[in-house]
Amino acid sequence: MHRLFLLAALLIGLGAIAAPAAKADEIGCVDSAFQWIGPNHKICIEAFDDPEVPGVSCHISRAKTGGIKGWVGLAEDTSDASIACRQTGPISLPKKIADADPGEGKTVFRESRSIIFKKLQVVRFYDKKRNTLVYLTYSDRLIEGSPQNAVTSVPIMPWR
């Protein structure tokens, strides 16, 4: 059983390394709860550009756990997150996205939410019928994920 656990941890680590995803820039944070020792709990806003679709930028807000565990990096952040993506320049949809199978999503952002097993992810889908990019954010874990999620969409339109 111990070997199985170590193998699963190794595979997850390798998957996180191999998956290309955008890096977020922190925009700002607000305190959401006071902590006597260590930093306060916060809600932070980060921004990232879609790594494969120039002209699309996303802002994501998420909870950050403070206190002693948050201070030393051992806290597990909650699954709460919100996302808004917008067209910020001309969009040239790559052929591999336009020709992808309907319902096939691509992870464009991934961030750790705990020391090992929990991740916040943003997955992009292409809605061909509506010519729209759809972005879904959610948290997952090795064993059990969270049903909490948020979605936003960006219609592909001419840029002026």
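Pairs exceeding 29 Å between alpha-carbon atoms, taken from Lys69/Lys106; Lys96/Lys119; Lys106/Lys129: Lys69/Lys106. Once the Cβ-Cβ distance of Arg130 and Gln35 is raised to the sixth power relative to R0 = 45 Å, the FRET efficiency obtained is 0.50.
Subtracting the Cα-Cα distance of Asp80 and Ile27 from 0.36 nm times their residue separation leaves 17.3 nm of extension gain.
Full extension from Asn149 to Lys69: what is 0.36 nm times the residue separation minus their Cα-Cα distance, to one decimal in nm? Display every interim value, and only then the final one.
Values: separation 80, 0.36 × 80 = 28.80 nm, distance 2.48 nm.
Between Asn149 and Lys69, full extension yields 26.3 nm more.
Keeping all protein chains in place and using 1.4 angstrom, which order do Phe125, Phe48, Phe34 fall into by accessible surface area, from largest down? All intermediate terms of the calculation are to be shown ahead of the outcome.
On the way: Phe125 65, Phe48 5, Phe34 130 Å².
Ranked from most to least accessible, the order is Phe34, Phe125, Phe48.
Charged neighbours of Gln121, selected by a Cβ distance under 9 Å, balance to 0 (K, R count +1; D, E count -1).
The values are calculated or read from the model by the stated rules, or taken from the named source; none is laboratory data. Bear in mind the structure is a predicted one, so any value in this text is a computation, not a measurement. Note that each Cβ is placed from the backbone with ideal geometry, even for glycine, and that neighbours are counted across all protein chains shown. We work out accessible area using only protein heavy atoms, side chains counted, and drop any ligands, DNA or RNA first. Shrake-Rupley method; radii C 1.70, N 1.55, O 1.52, S 1.80 Å.
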